[in-house]
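Okay, so here's the structure we're looking at.
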Amino acid sequence: QVQLVESGGGLVQAGGSLRLSCVASGRTFSRYVMGWFRQAPGKEREFVAAIRWSGNRYYGDSVKGRFTIPGDNAKNTVYLQMNILKSEDTAVYYCAAGGDVIATARRAEYEYWGQGTQVTVLS
């Protein structure tokens with residue numbers, strides 16, 4: 001089992017920045033992908049970003065150029081650095097992890113999920 005704990009959500013003004021953290025514990029993968037998804041009220045859970053064990057990074061179209069996904073292997077932590085936030089970024093953000101992920105944007109590929117953290121962008 002893998003436990004994922006997110007933190008860093010909150011209220012921020014449009015145009016501002018916020019950094020989310022996700023700490024993983026428990027089982028380790030030799031080849032892993034950790035990702036971020038988000039879900040706004042009334043909408044489906046949407047892919048935001050992912051980082052593969054090799055260092056490759058992937059981003060959803062709506063966040064490209066604004067969000068980055070740095071990781072810290074020593075701390076078993078992945079971050080989501082969110083810049084130039086917009087009101088449409090308001091959502092619950094979920095951390096996800098998987099050991100055999102091919103399609104990084106596909107929710108079903110991920111085995112483990114965090115509890116989510118709320119991000120609210122005020123316009």
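The values are calculated or read from the model by the stated rules, or taken from the named source; none is laboratory data. All values reported here derive from a predicted model rather than from experimental measurement. Glycine gets a Cβ as well: all are built from the backbone with ideal geometry, and neighbour counts include every protein chain shown. When the accessible area is computed, the model is the full protein with side chains, heavy atoms only, and any ligands, DNA or RNA have been set aside. Shrake-Rupley method; radii C 1.70, N 1.55, O 1.52, S 1.80 Å.
For beta carbons closer than 7 Å, sequence separation of 6+ or different chains, a first residue in segment 1-21 that is without any contact (Cβ under 8 Å) to a residue 60 or more places away in the chain and a second that is part of a loop (DSSP other than H, G, I, E, B), the qualifying pairs are SER21/GLY8. I'd like the residue in segment 95-108 that is open to solvent by 40 Å² or more (accessible area, probe 1.4 Å) and over 18 Å from ASP61 (Cβ atoms) and, out of all such residues, is modelled with the lowest pLDDT. Among residues in segment 95-108 that are open to solvent by 40 Å² or more (accessible area, probe 1.4 Å) and over 18 Å from ASP61 (Cβ atoms), the one modelled with the lowest pLDDT is ASP100. Considering each residue of segment 69-80 in turn, at least one proves to be among the β-branched types (Val, Ile, Thr) and surrounded by 19 or more Cβ atoms within 10 Å (Cβ to Cβ).
For segment 1-11, residues that are under 23 Å from ILE102 (Cα atoms) and part of a loop (DSSP other than H, G, I, E, B) total 1.
Residues in segment 12-44 that are closer than 19 Å to GLU88 by Cα, in a loop (DSSP other than H, G, I, E, B) and open to solvent by 60 Å² or more (accessible area, probe 1.4 Å): 5 in all. Looking only at residues of segment 45-68 that are open to solvent by less than 40 Å² (accessible area, probe 1.4 Å) and in a loop (DSSP other than H, G, I, E, B), we find that the one that is farthest from ALA97 (Cα to Cα) is ARG66.
Would you mention how many residues in segment 69-113 are over 13 Å from ALA24 (Cβ atoms) and in a loop (DSSP other than H, G, I, E, B)? Total satisfying the criteria: 14. The set of residues in segment 114-123 being open to solvent by 80 Å² or more (accessible area, probe 1.4 Å) and assigned to a strand (DSSP E or B) consists of GLN118 alone. Can you confirm whether segment 43-60 contains a residue that is out of contact with any strand residue (DSSP E or B) (no Cβ under 9 Å at 6 or more places or on another chain) and at pLDDT 95 or above? Yes, because at least one residue in segment 43-60 is out of contact with any strand residue (DSSP E or B) (no Cβ under 9 Å at 6 or more places or on another chain) and at pLDDT 95 or above.
Restricting attention to segment 81-94, the residues that are of a type in the set (A, V, I, L, M), surrounded by 19 or more Cβ atoms within 10 Å (Cβ to Cβ) and touching a residue at least 60 places away in the same chain (Cβ under 8 Å) add up to 2. Looking at ASN56, is it of a type outside the set (A, V, I, L, M, F, W, C) and free of Cβ contacts under 8 Å to residues at least 24 places away in the same chain? In short, yes.
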